[in-house]
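Data first, discussion second: the structure below is written as structure tokens.
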């Protein structure tokens, strides 16, 4: 806890140091001014302490040159702050022409990201290092705000409008994404992480969905379990069954659908639910699942099916039993993934 | 309790001057300034919705014009004349009070009240018409005209109802204040020596008139030429 | 100051309470609830605002406890959201805005300008009832499930998505707003028309100048939020389409209208505090405030320029870049009058005769906190830097330094300064200084870490947060517990003093000003005869002899 | 104060002002049917401004009132101008553009501890368009 003490977040974008420079400038000016005022107050308070009960001090009405001086000088300094801040704001709001366009859609309470290739992610954003990236953002419900402290960028995500923001990541690593405009009950869970990768790694990630070399050696069940976490299925498909059906022990069994029909929970139903979630809704639930069309490959669908299957086997039951611990809405972005 | 103490030290005995004032001039000045400060407050109260109207009109001029074509210019114009006439009768009522003309005062106050009700009556007809044509936002709003985006027209009608509704509410409050004033006038409570309530009410009534002077062109007239 | 001769008295133990005063003018419930006496109405406000303060502080306490750990282990997310909403709505509309104007302004403005009462005593009582009606709306909203929109009521969350009691809470804020308008209107008229003979504008105490500026804002800004809340509620209840993005509505327009009031409202909260500090510093340095006219006009300057800066709350809202620039520039301009005030207060102490009674200790505390609150505003006004800081804890810390560190500190200072005038007795000085010290230390410990964690990126209104922010939050919660004790102390010793305190006499501080020339507590009609003013304000070049 | 009252307008003046207001109303209606482009708005609001001035000066006696009253009468208009002009300074120069045909998620109130908003995929232009 104390080991992590720092006065500013990581400087991971091209503008971060510029923002920090203005911060330090204003900090220096204000600390000096404040200390001068504090010193004067303390010095006067001590030096001119009342000597006797009936003391009448010399009466001083005011001093015009002094008044003008301490109006004009602060104004001048503050105009410098304004100019610097305005210049910085222009830099922050004007993406370079060569920037790659990413789409961000906010909804209560998740971030949906889309890469220029069409690849989609939820609450995670993988970006290549050294590449200016422009975000085109909109909201599907209320006002949100997309904030990456390490990049010093933030912009509101407004329903009915496209807003833009941009950054150029300069340091590989994982950083916080926060929603900073209050958006309802789970505002504090509308968080995510941005992963800055070497361009080559990013290319590999785009192809395989993983940078993990050992991913190739995973069993389908293990890969499916990882996807279940990574794709945020776990957010809704919890064991309490409040937002989405429980998936434990249901594979191969009949499921009651809305409208009265019954369907057996099999491979093709899982596949259909992933690609066209609103087609067949389990009775008692809202059609609130996002589509994963274009977001996961056929291979990954098979891995997810394998994982869901395993939840209905004896061993899978155990795996499911460990789930609740992970499900607790931890506020720390999943640093390990 | 406080009154008895206060009167013990207050020099004046004029029953129309409240205890906290030294004399009538001070009271008149205070009441007038208070009323004008209240009206400044009212300007900004309506100002918020006028600002909203201006912004959306700049966003969606075509839909606002299309929406305004469904308002009846004849009724709107008639109501404008009615309200201006009621302002005149109100000004004449104040004039009558200043000159202690009781019968004239009562007559002009009644005329003002009557014209106010005429205005509200016409407003009811207009609202009824909007209801029949499914132009009530949030209540099965239907827009089948070729011009104007139905959604944006609905914004126009939201402003139409918010603005005219708030204005009508002010008229109703005005009428409610007017009734006891008429009663007091009949009883002969006002004279050249004391007519501040009539004068202050007049300021309020004229203000309500001014709001309509702006609502009429904004809602009914702008865009008529494009018909 | 006045030509009226008064018996010279001082804080001798043998002093007697005056036989007749506004407090013993009647003991029945009716004599309080139907009173037209501005001083009794001030006491009604004192009691009700204190009750709201306790409520708001309890919500704050729950928030701080929840934030002790990164997990949301004490409160559910929705409970937490309702708590910070109630904290904000209560503290802003029901504590900070009425605090100094409705309590001390009401009590002191007629006394300071030599009037028997405010211009419209019935309106004054009405505004208290309107205020309490607003409180009833809000309490009803809280009891029947609460409201979770934040005090900002941003659309479309408030108008469409929230399924809490937005209507009732909106009604509460709307109604309290009208109380504020009526009070401001009354003060404007009172200050314009009720001044005693000889009390020219430039002989007015700076407290009056500050309240005049405040009242202008109350009258000219509050109606805008009233209408905005009405539009929001019409959209929510009748589905009118005003801000609804579904119809092409603009949620940012709501933010414009909201902040047109809510930024100047910050000055409603701090200007009266500045007026109080001018009075206290003048008294305990025995000096006219350095550059009186600059301090007086800076109040008006703040009030007027303060209307042009609201857009700095919208820097990242998708507001136009050009509008953002203009708002940023004017934001820096409005900082100048505040700086002028601070420099003038400091200069007043030069070659003065300074004593450290408890009101002055509170004033020192105000200066210490207000300077930090003021300069941190510069960070947020710089538009490029605000992009990073916007809606983080840096903002939370900044406005708490101004509103709580500034206004509440000044309010406590004012309460201690004029308490002997209000109730005729003094409180135990040692306890008061202890309270001031605890508040100062506790406040800094609570809110200074929030600047740091804010720059690190911790967003506001989060009930869970990443573990690396915990250190700062633990410090903050620890500070809040000290702050709580500091605020709690006056709740004991001040009421105690009403009965058991030392009799104060008319002028325990040997201060200048008409209010110190009448008995404590004053008569119902304030003055036995209308005073005639022949002196400038703060004429400390001669003192009343100290009678022992 | 008493002195000022003797300067109040006379009945003929009131009638004259009334006549002017009615005539101006007629003009503004007639002008509205002609096409002057942007000038239509300017003329309509200009005439409304003139009518307001007449009402304020004569019916509301501001012409005969103290400077203080005049200042407060102007204050409302001035502050309204601040509100409108500074709001327009944003909305008329904004860079962000509206999403054509934006539809929100249907809103459903769900009982129970977790609020959920049903998710319906839609295509608001470029932002989420990809299949």
Could you figure out which of (1) touching a residue at least 24 places away in the same chain (Cβ under 8 Å); (2) part of a helix (DSSP H, G or I) isn't true of residue B:71?
(2)
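Yes/no matrix, rows are residues, columns are (1) touching a residue at least 24 places away in the same chain (Cβ under 8 Å); (2) touching a helix residue (DSSP H, G or I) at 6+ places or on another chain (Cβ under 8 Å):
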residue	(1), (2)
A:273	no, no
A:277	no, no
A:283	yes, no
A:288	yes, yes
A:291	no, yes
A:295	yes, no
A:303	yes, yes
A:311	yes, yes
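Only helices (runs of 4 or more DSSP H) wholly contained in the range D:1-71 count here; list those with 2 or more residues that are under 17 Å from residue B:215 (Cβ atoms) and more than 9 Å from chain B (Cβ to nearest Cβ). Spell out the reasoning first.
Details: elements: D:2-5, D:11-32, D:39-54.
By residue number, D:39-54.
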Taking the options C:206, C:185, name whichever one is within 18 Å of residue C:271 (Cα to Cα), within 14 Å of chain A (Cβ to nearest Cβ) and either in contact with a helix residue (DSSP H, G or I) (Cβ under 7 Å, 6 or more places away or on another chain) or surrounded by fewer than 24 Cβ atoms within 10 Å (Cβ to Cβ) (or both).
C:206
Out of (1) more than 7 Å from chain C (Cβ to nearest Cβ); (2) modelled with pLDDT under 90, the odd one out for residue A:64 is which?
(2)
Could you grab me the full set of residues in the range C:209-234 that are over 30 Å from residue C:538 (Cα atoms), buried (at least 24 other Cβ atoms within 10 Å of the Cβ) and more than 10 Å from chain B (Cβ to nearest Cβ)?
C:232
Given the criterion loosely packed, with under 15 Cβ neighbours inside 10 Å, within 14 Å of chain C (Cβ to nearest Cβ) and not in a helix (DSSP H, G or I), identify the matching residue among B:148, B:140, B:188.
B:140
Checking residue C:369 against (1) at pLDDT 95 or above; (2) farther than 19 Å from residue C:271 by Cβ, which single condition isn't satisfied?
(2)
Identify all residues within the range C:235-274 that are within 25 Å of residue D:81 (Cα to Cα), at the interface with another protein chain (Cβ under 8 Å from one of its Cβ atoms) and part of a helix (DSSP H, G or I); write none if there are none.
C:251, C:252, C:253, C:256, C:257, C:260
Going by what's in this entry, would residue A:271 be described as within 27 Å of residue A:124 (Cβ to Cβ) and modelled with pLDDT under 80?
no
Exactly one condition in (1) crowded, with 21+ Cβ neighbours inside 10 Å; (2) more than 19 Å from residue C:425 (Cβ to Cβ) is not met by residue C:482; state its number.
(1)
Only one of C:277, C:304 that is modelled with pLDDT of 95 or more and more than 9 Å from every other protein chain (Cβ to nearest Cβ)
C:277
Test for residue A:101: is it surrounded by 14 or more Cβ atoms within 10 Å (Cβ to Cβ), within 36 Å of the chain's Cα centre (by Cα) and at positive phi
no
Assess whether residue B:194 counts as being within 21 Å of the chain's Cα centre (by Cα), closer than 21 Å to residue D:65 by Cα and more than 8 Å from every other protein chain (Cβ to nearest Cβ).
no
Could you say which residue among C:245, C:197 is farther than 30 Å from residue B:35 by Cβ, touching a strand residue (DSSP E or B) at 6+ places or on another chain (Cβ under 8 Å) and in contact (Cβ under 8 Å) with a residue 60 or more places away in the chain?
C:245
Are any residues in the range A:151-168 touching a residue at least 24 places away in the same chain (Cβ under 8 Å) and touching a helix residue (DSSP H, G or I) at 6+ places or on another chain (Cβ under 7 Å), and if so, which ones?
A:151, A:152, A:153, A:154, A:167
Quick check on the range C:503-525. Is at least one of its residues in contact with a helix residue (DSSP H, G or I) (Cβ under 8 Å, 6 or more places away or on another chain), over 30 Å from residue C:198 (Cα atoms) and in a helix (DSSP H, G or I)?
no
Is it the case that the range C:368-387 has a residue that's surrounded by fewer than 24 Cβ atoms within 10 Å (Cβ to Cβ) and assigned to a loop (DSSP other than H, G, I, E, B)?
no
Is there a residue in the range B:199-217 that is at the interface with chain D (Cβ under 8 Å from one of its Cβ atoms), touching a residue at least 12 places away in the same chain (Cβ under 8 Å) and not in a helix (DSSP H, G or I)?
no
Looking only at residues that are more than 13 Å from every other protein chain (Cβ to nearest Cβ) and without any contact (Cβ under 8 Å) to a residue 40 or more places away in the chain in the range A:87-131, which one is nearest to residue A:191 (Cα to Cα)?
A:100
Residue C:478 vs. criteria more than 14 Å from chain A (Cβ to nearest Cβ), under 30 Å from residue C:20 (Cα atoms) and either touching a residue at least 40 places away in the same chain (Cβ under 8 Å) or in a helix (DSSP H, G or I) (or both)
no
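Here are some residues: C:115, C:102, C:57, C:141. Which one is touching a helix residue (DSSP H, G or I) at 6+ places or on another chain (Cβ under 8 Å) and within 14 Å of chain B (Cβ to nearest Cβ)? Give the derivation first.
Values: C:102 fails: within 14 Å of chain B (Cβ to nearest Cβ); C:57 fails: within 14 Å of chain B (Cβ to nearest Cβ); C:141 fails: within 14 Å of chain B (Cβ to nearest Cβ).
Going through C:115, C:102, C:57, C:141 in turn, just one is touching a helix residue (DSSP H, G or I) at 6+ places or on another chain (Cβ under 8 Å) and within 14 Å of chain B (Cβ to nearest Cβ): C:115.
The values are calculated or read from the model by the stated rules, or taken from the named source; none is laboratory data. Every value quoted in this text rests on a predicted model; they were computed, and no experiment measured them. As a convention, Cβ positions derive from the backbone with ideal geometry for all residues, glycine included, and neighbour counts pool all protein chains shown.
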